[in-house]
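Following: one structure in structure tokens, then a few remarks.
The values are calculated or read from the model by the stated rules, or taken from the named source; none is laboratory data. Note that the structure is a prediction, hence the values are computed from the model and not measured. A quick note on method: Cβ atoms are made from the backbone with ideal geometry, for glycine too, and the neighbour counts reach across all protein chains shown. With ligands, DNA and RNA removed, areas are computed over all heavy atoms of the protein, side chains included. Shrake-Rupley method; radii C 1.70, N 1.55, O 1.52, S 1.80 Å.
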Amino acid sequence: MIDVRGLTALAVADGVRVGKWRARDVVEPYLDRIAQLDGALGCYLRVDADGARRQADAVDAACKGGRDPGPLAGIPLGIKDIFCTRGVETTCASKILRGFVPPYESTVTARLGAAGAVALGKLNMDEFAMGSSTENSAFQPTRNPWSPAHVPGGSSGGSAAAVAASLCAGATGTDTGGSIRQPAALCGVVGVKPTYGRVSRYGVIAFASSLDHPGPFGRTVEDAAALLEVMSGLDPLDATSIPQPVGGYRQAARSGREGLAGVRLGVPQEYFQPGMDPEVETAVRAAIDELARAGAQIVPVSLPHTKYAIATYYLICTAEASSNLARYDGVRYGHRAEQVRSLEELYTHTRGEGFGAEPKRRIMLGAYVLRAGYYEAYYGKALRARRKIADDFSAAFAACDAIVTPTSPVPAFKFGERTADPLAMYLADVYTVAPDLAGIPALSQPCGLTRAGLPIGLQTIGPALGEEICFRVAGAFEARTDWHTRLPPEPAL
Amino acid sequence: MSVADYEVVIGLEVHVQLATRSKIFSWSSAAFGGEPNTHTDPVCLGLPGTLPVLNRAAVDSAVRLGLAAGCTIRRRCRFARKHFFYPDLPKGFQISQFDEPICDGGAIKFRLHGEPHEVALTRIHLEEDTGKNIHAAAGVSFVDYNRAGVPLCEIVSEPNIRSAEEAAEYVRAVRSLVRYLGIGDGNMEEGSLRCDANVSLRVRGAAAYGTKAEIKNMNSFKNVRDAIEHEVKRQATLLDRGERVAQETRLWDPARGVTQSMRSKESAHDYRYFPEPDLPPLVVTEQQLTDFRAALPELPEDRFARYTGPGGLTPQDAGVLIADHEIAGYFDAVVAAGAPPKRAANWVINEVLARVSHIPDLAFDNPGLEVGPSALAELINLIEDGTLSGKLAKDVFARMWTERRTAGDLVKAEGLAQVSDGAALEEICKRIVAAHPEEAARVQSSPKLIGFFVGAVMKETGGKGNPKAINDILKRLLGS
């Protein structure tokens, strides 16, 4: 049997495409690993072994028939449970969606499937993607593969942990305030949040519509690039998707190996502030030095409105969330309260029982933000601050080609450490929310380990549609370091 | 005080369903009816993860309506989410427009008591319709989402309407405009045109508006008039007693002829409007406006002016003809086929409209129509050239309608051509005069008796005699 621990997604696809192995031969060891190890990690909410085998067999049949099995042939992927999958229960890790089986497929998963990827199952997350630790899942915790006492980050914690633990070769996630990059950093894998509109949101259960960015997780920069190339592109089912041609992300990642001569990298002073873990700062500064040695010119830049990013983000995301979550009323699908005596009770009981504490908190905050007469004071002002934050980036990109920062001010924290204080949890997003507000691409990749053995992430931010420069910088760093080859210890059985 | 001491203040919100093929934000059919929940798709059902995509055909309809009503069309506008919980609202919010409607201002023009009149509009905006709750039995309700996502134009008038009659005529004019433009069928019974009225009273001369009540469930022009008339009386009675009018929504009960309180507006929803993040701003280009303006059809009031021009129709006849674009189109086609306009108007109004129950059947290219415009023109021209008498023509028309034969065919086959042959008529006249010497002697003193002789001759000719010729001959013979 193939040892898939540490295997890259592109190694899987290359092997399938040249006939070195069959897709089915790759899927089985992943299914075995999940069966053996995921009890300890809790990455998967649902494993679709039959579906995965069916898809793998279809890839093998294509190969056998001389047809192109696709660029992602046989790559076993984990799918964040926020992506609707036809015929496979999709819950967003919420009780209110328990039993919901979508009659349609998200554009992202449909495109991945059409490119030959194989979906192993649905991954755990914070309920409705609200959180930074995956502790808000209504169903189970997910443990950080590097240390079971620590969280994997969130909201795409199941995705990051599953890739880190080789329970899939790549994964999908969504990033609204950092929900791809922060768990990628905390689990030592690569996570990419593309430009807003670059990847279709159709079939991705909405948290905050103007901020939701679907994107990939990979073990390497090129793995993530290959997945993003397939996920990206105009989608007639998403009116906010953009028509520009998709870039050559894999090529950009590979080009980083040639160094970064002529590339100006901005380092924003506002991202190195008190409160940052010293080990994180040391690792990120070392990474920036490495990028300089690769030929990049390091320039200081300023993003002066960064201090408003968290407040702006929480006004917008709660407002949009309160609206997006209004549809869960027990009338058509998902959870419905029993024994109600009136329509009013159907709503209040269904929503009271179905939503966890964090969605309830955000629905209430959002309803408050949007109440009549206060729109300008809160939502309107947040939109203006959002514009200022985006303008900061535009100004900075006049002086540099990409910006490098820490992904998270701290490495993974322990379970329960921040759940008592929602504000402390919200601050975990301090370096990741601004690119979401600006809608610009950003990537996180491993750049070190703490003395306690916890991963540290380096974030590269590009201008709108500047995914290629992010991949080139990240590819350069990866070519010169071996952090991406480090594997977490195998979970104790 | 009496009702006459109060000024009535009415503002109307008319919802017009747009007759697009698919829904405003998704692909399922927007057609009326269908088995419950068969005209649905994941988007209009608001299933998780689905997204709205704007149907440009709905935008085109709204822009054309706005241009026809003289509105200012926004070159860039936004959709907004309007939040409330109701089972027929799948997403917990309705995608509508709030502070950026697609059309601002404008007016609906019509005639009131024969005089040109107009009611100013506040705005026209686009939104999606909701589904329908069906209350089956005590404690059991079903929801049909076929209607959810059907495109609507909401036409909001200024509060400038001053009577129930004016309100009803306004709604009639909106319906007429919608049908002229072909953007909807304006069927109030099926709910494809719905009207809510905001009604308040104030003492004549007062500057401030009184408290208004919103009246719903008026599904015919008559309902609009009756409901508002009733509401005005109800409010006047309250004010006379020194009581205040509650700000509330009231439902018209046509069976009982009263409005009833539905819910209090004071405890109503905060709709928490905010811009719809799933839809980019809606842009209308100058070129689109130019193209739509050039392609607008002749509108009801323009048609009225054309019909009532010098030597034209009476305002009454013109008013009847322009009420529906199919009637006007039919009339125009009869005239185009050579019939004189006044005579054509008489025939269309008195004979054709009396027989047609479903106005859209009058579409001049409807092959199923009993008597098409050119067939009617042929009949009229047979009267004009003296071939057919006016009296017989009505019977011929009736047979054309039921037997689907042409006038020419009926006249020839049945020998209905008018007898204008002088010698033959003279022969008959002489015979009749000779047979009635007493009456003939009295004609000099009572000229009305000539009618007796004309009738008798006409009877003899089987109704086919040319009345004018008969009259002339008899006058000569009787020396009157």
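Of everything in region B:309-322 that is in contact with a Pro (Cβ under 9 Å, 6 or more places away or on another chain) and over 20 Å from B:VAL371 (Cα atoms), the residue that is surrounded by the most Cβ atoms within 10 Å (Cβ to Cβ) is B:LEU313.
Within region B:456-480, the residues that satisfy the criterion of being assigned to a helix (DSSP H, G or I), closer than 21 Å to B:GLY415 by Cβ and free of Cβ contacts under 8 Å to residues at least 24 places away in the same chain are B:MET458, B:LYS459, B:LYS468. When the test is whether a residue is of a type in the set (Asp, Glu) and open to solvent by less than 10 Å² (accessible area, probe 1.4 Å), B:ASP41 passes it. Those strands (runs of 3 or more DSSP E) of region B:56-150 in which at least 1 residues are closer than 27 Å to B:VAL9 by Cβ, considering only elements entirely within it, cover B:80-83, B:93-96, B:107-112, B:115-128.
Within region B:1-53, which residues are closer than 22 Å to B:ARG225 by Cβ and either free of Cβ contacts under 8 Å to residues at least 12 places away in the same chain or within 14 Å of another protein chain (Cβ to nearest Cβ) (or both)? Listed by number, the list holds a single entry, B:ALA4. So how many residues does region A:41-56 have that are open to solvent by less than 30 Å² (accessible area, probe 1.4 Å) and within 19 Å of A:THR142 (Cα to Cα)? Of the residues in region A:41-56, 4 are open to solvent by less than 30 Å² (accessible area, probe 1.4 Å) and within 19 Å of A:THR142 (Cα to Cα).
Filter region A:414-446 down to the residues that are of a type outside the set (Val, Ile, Thr), more than 26 Å from A:ARG264 (Cα to Cα) and either modelled with pLDDT of 95 or more or surrounded by fewer than 18 Cβ atoms within 10 Å (Cβ to Cβ) (or both) and list them by number. Break it down stepwise before answering.
We begin by selecting, within region A:414-446, every residue of a type outside the set (Val, Ile, Thr); these are A:414-418, A:420-429, A:431, A:434-439, A:441-446.
With more than 26 Å from A:ARG264 (Cα to Cα) added as a condition, the list becomes A:414-418, A:420-428.
Matches in region A:414-446: A:LYS414, A:PHE415, A:GLY416, A:GLU417, A:ALA420, A:ASP421, A:PRO422, A:LEU423, A:ALA424, A:LEU427.
Take the conditions (1) surrounded by 23 or more Cβ atoms within 10 Å (Cβ to Cβ); (2) more than 23 Å from the chain's Cα centre (by Cα); (3) not hydrophobic (A, V, I, L, M, F, W, C); A:GLY74 misses just one of them, which is (2).
Would you confirm whether or not region A:113-121 contains a residue that is closer than 17 Å to A:GLY78 by Cα, surrounded by 24 or more Cβ atoms within 10 Å (Cβ to Cβ) and within 14 Å of chain B (Cβ to nearest Cβ)? Looking through region A:113-121, none of the residues is closer than 17 Å to A:GLY78 by Cα, surrounded by 24 or more Cβ atoms within 10 Å (Cβ to Cβ) and within 14 Å of chain B (Cβ to nearest Cβ). Hey, does region B:205-219 have a residue that's within 14 Å of chain A (Cβ to nearest Cβ) and surrounded by fewer than 18 Cβ atoms within 10 Å (Cβ to Cβ)? No, region B:205-219 contains no residue that is within 14 Å of chain A (Cβ to nearest Cβ) and surrounded by fewer than 18 Cβ atoms within 10 Å (Cβ to Cβ).
Apart from one condition, B:ALA393 fits all of (1) crowded, with 18+ Cβ neighbours inside 10 Å; (2) out of contact with any helix residue (DSSP H, G or I) (no Cβ under 7 Å at 6 or more places or on another chain); the exception is (2).
In this structure, does A:ALA129 turn out to be crowded, with 24+ Cβ neighbours inside 10 Å, within 14 Å of chain B (Cβ to nearest Cβ), touching a helix residue (DSSP H, G or I) at 6+ places or on another chain (Cβ under 7 Å) and more than 21 Å from A:VAL4 (Cα to Cα)? No.
For B:ARG56, the criteria (1) without any contact (Cβ under 8 Å) to a residue 40 or more places away in the chain; (2) surrounded by 20 or more Cβ atoms within 10 Å (Cβ to Cβ) hold in every case but one, which is (2). Quick one: is A:LEU234 part of a loop (DSSP other than H, G, I, E, B), on the phi < 0 side of the Ramachandran plot and more than 9 Å from chain B (Cβ to nearest Cβ)? Judged against the criteria, A:LEU234 is a match.
Of all residues in region B:349-377, those that are touching a residue at least 24 places away in the same chain (Cβ under 8 Å) and surrounded by 15 or more Cβ atoms within 10 Å (Cβ to Cβ) have Cβ atoms under 7 Å from Cβ atoms of residues that are among the basic types (Lys, Arg) and part of a loop (DSSP other than H, G, I, E, B), 6 or more apart or on another chain, in B:GLU370/B:ARG404.
Output yes when any residue across region A:26-40 is open to solvent by less than 30 Å² (accessible area, probe 1.4 Å) and more than 30 Å from A:LEU97 (Cα to Cα), and no when none is. Checked region A:26-40: at least one residue is open to solvent by less than 30 Å² (accessible area, probe 1.4 Å) and more than 30 Å from A:LEU97 (Cα to Cα).
Can B:GLU427 be described as touching a helix residue (DSSP H, G or I) at 6+ places or on another chain (Cβ under 9 Å), of a type in the set (D, E, K, R) and in a helix (DSSP H, G or I)?
Values: touching a helix residue (DSSP H, G or I) at 6+ places or on another chain (Cβ under 9 Å): no; of a type in the set (D, E, K, R): yes; in a helix (DSSP H, G or I): yes.
Criteria not met by B:GLU427.
Among the residues of region A:328-361, which ones are within 18 Å of B:PHE93 (Cβ to Cβ), away from chain B (no Cβ under 11 Å) and outside any helix (DSSP H, G or I)? If the condition is that a residue be within 18 Å of B:PHE93 (Cβ to Cβ), away from chain B (no Cβ under 11 Å) and outside any helix (DSSP H, G or I), then A:PHE355 is the only one that fits.
Look at region A:366-389: where a residue is within 11 Å of chain B (Cβ to nearest Cβ) and a partner is of a type in the set (Lys, Arg) and part of a loop (DSSP other than H, G, I, E, B), sitting 6+ places away or on another chain with Cβ atoms under 8 Å, you get A:ALA367/B:ARG272; A:LEU370/B:ARG272; A:ARG371/B:ARG272; A:ALA372/B:ARG272. Restricting to region A:79-92, name every residue that is part of a loop (DSSP other than H, G, I, E, B) and either open to solvent by 30 Å² or more (accessible area, probe 1.4 Å) or within 11 Å of A:ARG46 (Cβ to Cβ) (or both). Residues satisfying the conditions are A:ASP81, A:ARG86, A:GLY87, A:GLU89, A:THR90, A:THR91.
If you check B:ALA107 against the conditions, is it aliphatic (A, V, I, L, M), open to solvent by 10 Å² or more (accessible area, probe 1.4 Å) and at pLDDT below 95?
Values: aliphatic (A, V, I, L, M): yes; open to solvent by 10 Å² or more (accessible area, probe 1.4 Å): yes; at pLDDT below 95: no.
No, not satisfied.
Between A:VAL101, A:VAL108, which is modelled with pLDDT of 95 or more, assigned to a helix (DSSP H, G or I) and more than 24 Å from A:ILE310 (Cα to Cα)? Break it down stepwise before answering.
Numbers: A:VAL101 fails: assigned to a helix (DSSP H, G or I).
Exactly one of A:VAL101, A:VAL108 is modelled with pLDDT of 95 or more, assigned to a helix (DSSP H, G or I) and more than 24 Å from A:ILE310 (Cα to Cα), namely A:VAL108.
Inside region B:59-81, can you point out the residues that are within 14 Å of chain A (Cβ to nearest Cβ) and buried (at least 20 other Cβ atoms within 10 Å of the Cβ)? Listed by number, the residues that qualify are B:VAL59, B:PHE79, B:ALA80, B:ARG81.
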